[in-house]
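Written below as C-alpha cells is the structure these notes are about.
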Amino acid sequence: MAPDQRGGRPRASSRETLAEAASELFLEKGFAETSVADITTRAGVSRSSFFNYFATKSDVLWAGFDERVASLDAALDHDHDGGDVDAVVRGALRDLLDGFDPDTLALALAQADTMGLTDEIERESAVRRARIARAVAERLVAGGVDPLRAEVLGAAHGGAVLAALSRWAGSGAGRTPLGAILSRALEAVAPAGGGGAVRQLRVVVRADDYEAAVAFYRDVVGMPERAAYEGDGDARVTILDAGVATLELANTAQVEMIDRVETDGDTSDRIRLGLEVSGGAAATERLAEGGASVIASPRVTPWGSLNSRLRGPADLQLTLFDEDPA
C-alpha cells in the first residue's frame, strides 16, 4: 500500500461536516437557538468556510435540493421544439429527484417539530414549489398550452414534487423509493394535453336495477355524482366520478397470473373494474355490507398492494386495491 493511501470511510468534506453539525445542533437546541457560530464551532471550521457553502442556516437544509432545482430549467428546455410536452415535464421532474439520497433535508422534514423547523420548512417549501411551478409553466406555454392552464398545472406539479419529498422523508427516507412516491403524486396531476386524443375514459354499464346500482356505487363505494339526466320513456343515466381513469390491457397469461394472486381459483370476467382505495380491508367489508358479494378476501400481492375481489350490483366484477396498506 502506498504511504498516502488510507482504508475505511473517506473523509467528509467541509460541507458535509457542516451539514452534520447543523443537524445535530438543530436536534439538540432547535433551529432558532442555533447560530452559525455554533455550527462552525461544532464542525471545527471557520465562519468563512460556512459562507463558502451556505448563505444562511436554512441553506444547510436545502442546498442539495436547490442544486437540482437549478438544473430543472435546462432539463425542461431539452427537446424544446418537439416531443410530448407532458412527457418532457414529467421526465424532468423524475430526474429532479432521481438518486436523491437521505440527507439533511430529509432529516429536517421528518424531524421538523423536534428541530423547531415547522414554520421554516413551510416557508422554504413554498419558495421551492414556486420555482418548480414557474419552470414547468414556462415549458408548458412554450409547448402550446394556454397560459392560465399552464400556470395552474405548474403549481400542481410543484406541489406534487414537494408532497412526494415530504411523504418520502416522513415514512423513513430510503425505505420506500422516492421515485415511486413521486410517480404516484404525478398521477394526481391532469396531463396538460388531456392525456392525448382521448380526454376521458368512461365505462358505460347497463344496470337493470338502476336505483340499487346508483345507490351502491355512489353512496357505498363513494363515487361522487358528476351529472344525471332523464329522457323520454323513463330513460335515465347517472355519471359518477371515479378519479383517475386508465385502460389496462392484459394478455391471457397476465390475467391468469392476477387470478392466482387475487383469488383462490376464481377467473376474471373479460372486463373487470379496478378501484383504488385506502383502507382496503375496511373498504371490502363496507362494500360487502352494502350489497356486493366477496369473491376473494383482501390479500397482500407480491408487489405490496392489498387486493380483494367482489361482485357488485349490475353484475360488475371488482378488484379493490390499496397501494399503501398500513
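The values are calculated or read from the model by the stated rules, or taken from the named source; none is laboratory data. What you see is a predicted model, and the numbers here were worked out from it, not measured in a lab. Neighbour counts are summed over all protein chains in view; Cβ atoms, including those assigned to glycine, are modelled from backbone coordinates with ideal geometry. Ligands, DNA and RNA are excluded from the accessible area calculation, which covers all protein heavy atoms including side chains. Shrake-Rupley method; radii C 1.70, N 1.55, O 1.52, S 1.80 Å.
Listed here are the residues, each with its yes/no results for (1) of a type outside the set (A, V, I, L, M); (2) crowded, with 18+ Cβ neighbours inside 10 Å.
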| residue | (1), (2) |
| --- | --- |
| Arg47 | yes, no |
| Phe54 | yes, yes |
| Leu72 | no, yes |
| Ala87 | no, no |
| Arg90 | yes, yes |
| Glu122 | yes, no |
| Ala130 | no, no |
| Val136 | no, yes |
| Arg139 | yes, yes |
### Query
Out of all the residues in segment 18-36, which are open to solvent by 50 Å² or more (accessible area, probe 1.4 Å) and part of a helix (DSSP H, G or I)?
Glu20, Glu24, Leu27, Glu28, Lys29
### Summary
Residue set Leu93, Leu61, Leu162; condition touching a residue at least 60 places away in the same chain (Cβ under 8 Å) and over 16 Å from Ala190 (Cα atoms); output residue Leu61
### Message
Yes or no: segment 220-238 includes at least one residue that is within 24 Å of Val277 (Cα to Cα), part of a helix (DSSP H, G or I) and modelled with pLDDT of 85 or more.
### Response
yes
### Query
If you check Glu211 against the conditions, is it open to solvent by 100 Å² or more (accessible area, probe 1.4 Å), in a strand (DSSP E or B) and over 27 Å from Ala188 (Cβ atoms)?
no
#### Entry: Selection status of Leu275, modelled with pLDDT of 95 or more and either under 22 Å from the mean Cα position of the chain (by Cα) or not in a helix (DSSP H, G or I) (or both)
no
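Restricting to segment 234-272, and then to whatever is hydroxyl-bearing (Ser, Thr, Tyr) and under 29 Å from the mean Cα position of the chain (by Cα), can you tell me which residue is least open to solvent (accessible area, probe 1.4 Å)?
Among them, the one singled out is Thr263.
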